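Before any comments, here is the structure.
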Amino acid sequence: MSRTPPPRRLFISADMEGIAGVASVSQLLPGQFEYETARSWMTAEVAAATRVALDNGYGEVIIADGHGNAQNLLPDRLPAGSRLIRSWPRPLGQMEGADWPGVDACMFIGFHSGARSGAGTLAHTFHGGLFNDVRVNGESCSEARLLAAFAGEIGVPVILVTGDDAICREVSGYLPDAETCAVKQFIAWRSVATVTPSEGAAMVGEAALRAITRAPRTLLRLPAPYRLEIEFVHPVTAELAGLLPGFAQTGQNTAAAEFATMRELLVMTGFLSNYPKGD
Ligand SMILES: [Zn+2]
């Protein structure tokens with residue numbers, strides 16, 4: 001009996017804060033200033049990388065929409081051969097689909113700095129309204145770092161990260177051979193110097209081609225076990241998290257737990273991202 005092997009798959013985790021043209025919170029929220037335009041910019045960057053992958057050896061591109069309601073990307077504008085993962089909650093959040101059979105690389109498109117990075121446009125970690133900081137083994141982590149550590153655990157290299165220059169610089173520190181593509185320069189939390197959206201999409205496509213051609217293989221591995229400590233915006237959320245099995249409240253606004261794998265840690269941060277704020 002023969003089984004068809006899975007297609008060679010690329011995984012893309014897509015966010016919105018790091019897309020060319022995006023500068024303020026209103027562009028990130030359905031119904032607000034320029035949201036509909038910004039989602040088309042996001043779609044154009046993701047579609048550019050997807051097209052390049054499908055033209056260069058990939059049979060399928062799994063795209064996880066990982067911003068806001070996770071339904072920002074316009075499916076009609078993605079090339080055939082895309083598999084779009086939309087809406088949540090879902091167990092692996094921004095990495096849902098990264099562990100599907102046949103996935104041999106992943107890209108982070110439209111990413112941004114972490115809450116405590118000190119720089120980066122629209123910097124936050126997972127949910128700015130809920131989390132002030134997410135630390136693993138005492139170190140503040142951006143979403144990119146956490147997701148890259150999970151990718152490393154499952155043996156999938158991150159080959160491209162796009163966003164502002166701040167997140168690109170950060171990622172180059174721990175994934176030195178990953179391709180990066182800065183489509184805008186950080187000026188302040190709510191201010192950027194950006195290329196035009198069409199130029200941004202072209203840049204992302206070119207960077208995707210370089211990444212696929214070079215195929216960087218570095219995996220980020222953080223030392224296990226993983227002590228997750230979250231600093232919440234509201235004390236009630238820390239108190240509630242402290243009631244979960246394995247968790248302890250470690251301060252008025254902090255709760256912590258230890259995990260054997262990054263997968264378990266990622267699932268729990270996703271759960272807590274969907275938690276009520278407590279007010
Ligand atoms: Zn986002």
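The values are calculated or read from the model by the stated rules, or taken from the named source; none is laboratory data. Source: prediction; values computed, not measured. Methodologically, a virtual Cβ is constructed for each residue, glycine included, from the backbone with ideal geometry; neighbour enumeration extends over all protein chains shown. Just so you know, the surface numbers come from the protein's heavy atoms only, side chains and all, with ligands and any DNA or RNA stripped out. Shrake-Rupley method; radii C 1.70, N 1.55, O 1.52, S 1.80 Å.
Just one of the numbered conditions (1) open to solvent by less than 30 Å² (accessible area, probe 1.4 Å); (2) assigned to a loop (DSSP other than H, G, I, E, B); (3) of a type in the set (Lys, Arg) is not true of Lys184: (2).
Among the numbered conditions (1) more than 14 Å from the ligand (Cβ to nearest atom); (2) open to solvent by 20 Å² or more (accessible area, probe 1.4 Å); (3) among the small types (Gly, Ala, Ser), the only one that Ser24 does not meet is (1). Selection of region 22-73 for residues being closer than 25 Å to Phe126 by Cβ, in contact with a helix residue (DSSP H, G or I) (Cβ under 8 Å, 6 or more places away or on another chain) and part of a loop (DSSP other than H, G, I, E, B) yields Val22, Leu29, Gln32, Phe33, Glu34, Gly66, His67, Gly68, Asn72, Leu73.
Within region 156-178, restricting attention to residues that are part of a strand (DSSP E or B) and in contact with a Ser or Thr (Cβ under 9 Å, 6 or more places away or on another chain), the residue that is farthest from Arg263 (Cα to Cα) is Asp164.
Residues that are touching a residue at least 40 places away in the same chain (Cβ under 8 Å), outside any loop (DSSP other than H, G, I, E, B) and within 16 Å of the ligand (Cβ to nearest atom) do not occur anywhere in region 112-122.
Do we have Ala14 as among the hydrophobic types (A, V, I, L, M, F, W, C), closer than 21 Å to Phe271 by Cα and modelled with pLDDT of 95 or more here? Yes: the conditions hold for Ala14.
Across region 187-217, the number of residues qualifying as over 18 Å from Val25 (Cα atoms) and either part of a helix (DSSP H, G or I) or within 16 Å of the chain's Cα centre (by Cα) (or both) comes to 17.
Looking at the structure I just gave you, is Ala257 hydrophobic (A, V, I, L, M, F, W, C), within 21 Å of the chain's Cα centre (by Cα) and buried (at least 16 other Cβ atoms within 10 Å of the Cβ)? For Ala257, the condition - hydrophobic (A, V, I, L, M, F, W, C), within 21 Å of the chain's Cα centre (by Cα) and buried (at least 16 other Cβ atoms within 10 Å of the Cβ) - is not met.
Residues are listed down the side, and each one gets a yes or a no for (1) open to solvent by 20 Å² or more (accessible area, probe 1.4 Å); (2) touching a helix residue (DSSP H, G or I) at 6+ places or on another chain (Cβ under 6 Å):
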| position | (1), (2) |
| --- | --- |
| Pro225 | yes, no |
| Leu228 | no, yes |
| Pro235 | yes, no |
| Leu243 | yes, no |
| Phe247 | yes, yes |
| Asn274 | yes, no |
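Of all residues in region 75-86, those that are within 22 Å of Gly57 (Cβ to Cβ) and assigned to a strand (DSSP E or B) have Cβ atoms under 7 Å from Cβ atoms of residues that are open to solvent by less than 30 Å² (accessible area, probe 1.4 Å) and of a type outside the set (A, V, I, L, M), 6 or more apart or on another chain, in Ser82/Thr50; Arg83/Glu60; Leu84/Asp65; Ile85/Asp65; Ile85/Gly97. Checked against (1) under 17 Å from the mean Cα position of the chain (by Cα); (2) more than 16 Å from the ligand (Cβ to nearest atom); (3) in a strand (DSSP E or B), Val134 passes all but a single condition, namely (2).
Against the test of being modelled with pLDDT of 95 or more, buried (at least 19 other Cβ atoms within 10 Å of the Cβ), farther than 29 Å from Phe232 by Cα and within 16 Å of the ligand (Cβ to nearest atom), the options Val61, Val161, Val103, Val46 yield a single qualifying residue, Val46. Counting the residues of region 137-155 that are surrounded by fewer than 24 Cβ atoms within 10 Å (Cβ to Cβ), aliphatic (A, V, I, L, M) and part of a helix (DSSP H, G or I) gives 1. Evaluation of Asp15 against the conditions (1) away from the ligand (no atom under 16 Å from the Cβ); (2) touching a His at 6+ places or on another chain (Cβ under 7 Å) shows that the sole unmet condition is (1).
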